[in-house]
Amino acid sequence: MAGMGISGSTDYSALFSSLSGNSSQNTSGVSSSGTLLADYASIKNGSYAKLAKSYYGTDKSSKQTKAEQAEANKTQKTELMSTKNIASKLSSAASALTDNKSLFETKITTKDKDGNEMTDLDREKISKLVNNFVDNYNAMVKNGGDSTSKPVLRSAFNMVNTTNVNENLLNKAGITLNEDNTLSIDEDTLKKADAGTLKSLFSGQGSYASNVQMSASSILQSAQNGLNKLSGYNAGGTFNAAVDTGSLYSSFM
């Protein structure tokens, strides 16, 4: 059975002339003819093409807006991933102090430069762990202060406030709170600090370090929630159906 083909040279007006010339057709037929003629006119003047572009595509300004949003999301994702990484390191540095109770109770025997034996806490190990804690704390202060995430900023503020409350005790251990909210260490004072002071600052639950760890965990969770939101998932790991997924399919139009 031969198929019906329409070539580029087909005279479309001939296809519709019989429809418009037959005055004996009923009302339904006339209506149908009018519709077909209107469709023909739309095809001829390019209206269909414009409608198709409007329906399946986006205008230049819309595409630009989506591109800008995608770039903004990319920047925010990078920021949140950095925050999450720094908060994780601070939490680990705090745990290395708070979870090691023997560090502030067990004494070791060493010799001074003259060969005299001394029994004391492992000051070198304590100094190393405290320095690591302060380095990560300072990195968190800088990162948190530059964050565009309100939950991260709030938790970072709470962390700095915890440090302000413990400033006097920190000073006794040779740790100074600077004007930019970072910390600096005087090694000699730290290594000679009273064991009770060090224990209050860094050992166990309720200590300064444990409170900082709680803030770090809160910052980490806030960063993760932000990343989940950007990827379309909520804090519980469930996909958020309210997220605009149109951009996922626009490339197929």
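Couple of notes before you dig in:
- Ratio of Rg to Rh for segment 190-235: 1.32 [Cα atoms; Kirkwood radius as inverse mean 1/r over pairs].
- When TYR208, TYR137 are arranged by Cβ crowding within 10 Å, least crowded first, meaning fewest neighbours, the order is TYR208, TYR137.
- The magnitude of the dipole of segment 72-140, with charges of +1 and -1 set on the Cβ of Lys/Arg and Asp/Glu and taken from the Cα centre, is near 460 debye.
- Cross-link pairs beyond the 32 Å C-alpha cut-off, checked among LYS84/LYS199; LYS74/LYS101; LYS66/LYS89; LYS77/LYS125; LYS142/LYS229; LYS74/LYS128: LYS74/LYS101; LYS66/LYS89; LYS77/LYS125; LYS74/LYS128
- Length gained when the stretch LEU230-ASP135 is fully extended (0.36 nm per residue, less Cα-Cα span): 31.2 nm
- Sorting ASP180, ASP186, ASP114 by the number of Cβ atoms found within 10 Å of their own Cβ, with the fewest placed first, yields ASP114, ASP180, ASP186.
- Three-way shape label, segment 164-212, alpha-carbon gyration tensor, a/c 1.5: oblate
- From phi via Karplus (6.51, -1.76, 1.60), per-residue ³J(HN,Hα) for segment 144-156 in Hz, x at Gly/Pro: x, x, 8, 5, 9, 8, 4, x, 5, 4, 5, 5, 5
- Dipole of segment 92-179, positive end: most advanced residue of ALA156, PHE133, LEU177 [Cβ charges, Cα centre]: ALA156
- Fewest neighbouring Cβ atoms within 10 Å first, the residues MET140, MET118, MET81 line up as MET118, MET81, MET140.
- For segment 74-235, alpha-carbon Rg over 2.2 N^0.38 Å: 1.16
- Simple point charges give the picture: +1 on the Cβ of Lys and Arg, -1 on the Cβ of Asp and Glu, and for segment 74-235 a dipole about the Cα centre of about 760 debye.
- Calculated P(r) of segment 58-153 - Cα pairs past 16 Å, %: 70 percent
Since every read-out is calculated from the coordinates, none of them should be taken as a lab result. This is a predicted model, so every value here is computed, not measured. Here the Cβ is made from the backbone with ideal geometry for all residues, glycine too, and neighbour counts use every protein chain on show.
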